[in-house]
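Have a look at the structure below before the remarks.
The values are calculated or read from the model by the stated rules, or taken from the named source; none is laboratory data. Just so we're clear, the structure is a prediction, and the values are computed from it rather than from any experiment. All Cβ positions, even for glycine, are placed from backbone atoms using ideal geometry, and neighbour counts span all protein chains on display. Note: areas computed on protein heavy atoms with side chains; ligands, DNA, RNA excluded. Shrake-Rupley method; radii C 1.70, N 1.55, O 1.52, S 1.80 Å.
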Amino acid sequence: MSIWHGLIDSDYRRWLPVTRDTPAISLNEGNTPLLRSAHLSELTGCEVWLKVEGANPTGSFKDRGMTVAISRAAERGAESVICASTGNTSASAAAYAARAGMTAAVLVPKGGVAPVKLAQGVRYGARVVEIDGTFDDCLRVARELAGHHPVALVNSVGNELRLAGQRTVAYEIVDALGDAPDVHCLPVGNGGNITATWGGYRTYADAGLATRLPRMWGFQAAGSAPLVHGAPVADPQTAASAIRIGNPATWDGAIAAREESGGLIAAVTDEQIFAAYRMLARRDGVFAEPASAAGVAGLLDQHARGRLEPGLRIVITISGNGLKDLDASLHDGYTPAETSAAAADVARVLRLAA
Ligand code: F0G
């Protein structure tokens, strides 16, 4: 059995923009579970698979790109990095920077990030700055600072390395299933991941490693759906904070993924997102953060609208771990039973048959 050492030291290395001189700064990201969902398959009449990206080292798909971005920054001798984030990019940047011996500065929208994600950044030793503004404001400031100071920007905008790393999710899926699926569903915020995932499928097809390409189905939260409306949203709203983004940096890439694949980018309500969030945990044993359930919400919405042909093979990116957003979980019906430490009392509370 071969042992997994992370993306840069895997067979996927040849698809990554690294050289012999690039040090591998890795936390053994990638190689995440691809689980068949019996429940979603039954509901939709399709063959539905979940790509569980919350199993990455810092709990989201961001680690795939960050290993490449930070490794290349280390190769250049960078000492500090900066990024804007709704929480997951910052957690990942902070962890990989720590591993590389760099300092990280992360800019997040004040009050707009799940506290555990802030705690990750702080614990990994990053300088975390809460900005009075949106994610889009944070990104504008991060780009400006990287332009004028000796700090490397590790957002995917202006850093193709991140997207090259994120492409590996498609390689893993094709290698596991033997070919590309018919449809790939995923949440969309800044637009990087749909662009990268589509790019990964294209890379494999161009190399003859897949015989076909999937339709890319991206889903935004209804209150933060600029790509659906075709115009930026000044004051984006959604309880799925990871995708609360009004002006996606990789706008053109996301639209190109939709157009080239014959796919769609549609909106799902927070109610649909939270229903999918509960269902994933309850029926599949997969605890995702709310934003990460948007792909499931979207698939069910398309099915309800009669737009899903039965028999398709579908993969859904479950982008981040549910442990990252405990507030969302605790506010969504958390009612443990209490009793004394007597077996009879516990049996009564559990309504165990005599
Ligand atoms: N799912 C999760 C859990 C995310 O954190 C993000 C983006 C997305 C989906 C959307 O991916 O932006 O490439 O379209 N999070 C970024 C961040 C914005 O700062 O962590 P996208």
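Looking only at residues in region 176-188 that are open to solvent by 10 Å² or more (accessible area, probe 1.4 Å) and in contact (Cβ under 8 Å) with a residue 12 or more places away in the chain, the one that is nearest to Ala256 (Cα to Cα) is Pro187. Looking only at residues of region 201-226 that are free of Cβ contacts under 8 Å to residues at least 60 places away in the same chain and in contact with a Phe, Trp or Tyr (Cβ under 7 Å, 6 or more places away or on another chain), we find that the one that is nearest to the ligand (Cβ to nearest atom) is Met216. Residues that are under 22 Å from the mean Cα position of the chain (by Cα), open to solvent by less than 60 Å² (accessible area, probe 1.4 Å) and either over 22 Å from Ala100 (Cα atoms) or modelled with pLDDT under 95 (or both): does region 19-33 have at least one? Yes, because at least one residue in region 19-33 is under 22 Å from the mean Cα position of the chain (by Cα), open to solvent by less than 60 Å² (accessible area, probe 1.4 Å) and either over 22 Å from Ala100 (Cα atoms) or modelled with pLDDT under 95 (or both). The set of residues in region 57-106 that are among the hydroxyl-bearing types (Ser, Thr, Tyr) and either within 11 Å of the ligand (Cβ to nearest atom) or free of Cβ contacts under 8 Å to residues at least 60 places away in the same chain (or both) comprises Thr58, Ser60, Ser85, Thr86, Thr89, Ser90, Ser92, Thr103. Determine whether Arg167 is within 16 Å of the ligand (Cβ to nearest atom), among the charged types (D, E, K, R) and crowded, with 18+ Cβ neighbours inside 10 Å. When the stated conditions are applied, Arg167 passes them. Among the residues of region 218-248, write down those that are out of contact with any helix residue (DSSP H, G or I) (no Cβ under 6 Å at 6 or more places or on another chain), of a type in the set (A, V, I, L, M) and open to solvent by 30 Å² or more (accessible area, probe 1.4 Å). Ala222, Val228, Ala231, Ala234, listed by residue number. Is there a residue in region 124-131 that is over 30 Å from Asp11 (Cβ atoms), among the small types (Gly, Ala, Ser) and free of Cβ contacts under 8 Å to residues at least 12 places away in the same chain? No, that holds for no residue. Looking only at residues in region 174-188 that are closer than 21 Å to Gly30 by Cβ and of a type in the set (D, E, K, R), which one is farthest from the ligand (Cβ to nearest atom)? It comes out as Asp179.
When region 63-119 is filtered for residues that are acidic (Asp, Glu) and open to solvent by less than 10 Å² (accessible area, probe 1.4 Å), only Asp63 remains. Filtered by the rule that a residue be closer than 19 Å to Ala240 by Cβ and not in a loop (DSSP other than H, G, I, E, B), region 202-229 gives Trp217, Gly218, Phe219, Gln220, Ala221, Ala222, Gly223, Ser224, Pro226, Leu227, Val228, His229. The set of residues from region 189-200 being more than 7 Å from the ligand (Cβ to nearest atom) and either open to solvent by 20 Å² or more (accessible area, probe 1.4 Å) or in contact with a strand residue (DSSP E or B) (Cβ under 8 Å, 6 or more places away or on another chain) (or both) comprises Thr195, Thr197, Trp198.
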